[in-house]
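Inspection log for the structure reproduced underneath, given as structure tokens.
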Amino acid sequence: MGDVKTLTNFLKYGKEEIEPDFKPDHRMFIFWNHGDFVTVCRDERYRVDGEESALDLNEINQAFSEAFPHASADNPPFEIIGFDACLRATYENANNLYGFTKYLIASQETESGVDWYYTDWIRDLNDNPSIDGLRLSKNICNGSILFLKNNDNEDLQKDSQVATFSVMDLSRSSMLNFRKAYNSFGFFLLEMTQKYPEESFALFDRSSQGISYNDAMT
């Protein structure tokens, strides 16, 4: 699972062996298993140099590029790519999959141990196979949060208070605006660290946690 060849072959198998019989109008791909900011799908049984293998950003891009060499932002091969894994709603992950999917579903924080709640959105898809990708993506996110919130299990209810799911629009216009904002923020932080090398990181940490502080950097 953590080998890029496995992902590449799986994508090609679906495209070349399965799709000709079904001729689907839309594609959806879900990564499942442990994730972090850099890797996903850690495989404890397949080891490289004694370590668990995992797919990093470059390997994911390599697999999708090989299976779909003509992919573009104007004609992405997938309607949805989702990560039922922790910590994958990042700029790097979105940028890496730009041109391969219209929408990216992922969690900013760690996921609950029960992962996504599949029952309702699969029923929605079964009842309406032509459902819009954005609507289906929102149903996946909202359904997973509501499942935790309305569960009788107290631990899952607590998970709902910190659970995060997001739908990211990876269209050309959205990503261009996202990149401009991201780069502007990066330049701002660089300027602040140069002006206030000792205080800036502490102030940024406090502000990201919603802690009030003196406006020393303005």
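The values are calculated or read from the model by the stated rules, or taken from the named source; none is laboratory data. None of the values given here were measured: they were computed from a predicted structure. Heads up, the Cβs are rebuilt from the backbone with ideal geometry, glycines too, and the neighbour counts pull from every protein chain shown. The area values use the complete protein model at the heavy-atom level, side chains included, leaving out ligands, DNA and RNA. Shrake-Rupley method; radii C 1.70, N 1.55, O 1.52, S 1.80 Å.
General remarks:
- Put E51, E109, E79 in order of accessible area, highest first, and with a 1.4 Å probe you get E51, E109, E79.
- Working note: Karplus 6.51/-1.76/1.60 with θ = phi - 60° gives the stretch 14-31 the couplings x, 6, 8, 9, 9, 4, x, 7, 10, 6, x, 8, 9, 10, 9, 10, 10, 8 Hz, where Gly and Pro are set to x.
- Cα convex hull of the chain, projected area averaged across orientations, nm²: 15.8
- Among the trypsin sites (Lys or Arg not before Pro) found in the stretch 5-37, not one is both in a DSSP coil and sparsely packed, with 11 or fewer other Cβ atoms within 10 Å of its Cβ.
- Separation of the E66 and N153 label points, Cα + 7 Å toward Cβ, nm: 3.7
- Largest to smallest accessible area among R123, R88 [probe 1.4 Å]: R123, R88
- Mean separation of Cα contacts under 8 Å (6+ apart) over length of the stretch 93-199, as relative contact order %: 37
- Helical mean residue ellipticity (222 nm; -39500 (n - 2.57) per DSSP H run of 4+; nearest 500) of the chain: -14000 deg cm²/dmol
- Using a Förster distance of 35 Å, the FRET efficiency for N9-Q108 (Cβ separation, nearest 0.05): 0.70
- Antiparallel beta bridges, as assigned by DSSP with both residues in the chain, represent about 55 percent of the total such bridges.
- Cα shape, the stretch 84-175, gyration tensor, a/c 1.5 rule: oblate
- In the stretch 1-142, lysine pairs closer than 16 Å at Cα, eight or more apart or cross-chain: 4
- When DSSP beta bridges are restricted to pairs lying wholly in the stretch 1-127, around 45% turn out antiparallel.
- Pair K138, L176: separation of 7 Å Cα→Cβ label points (nm): 2.5
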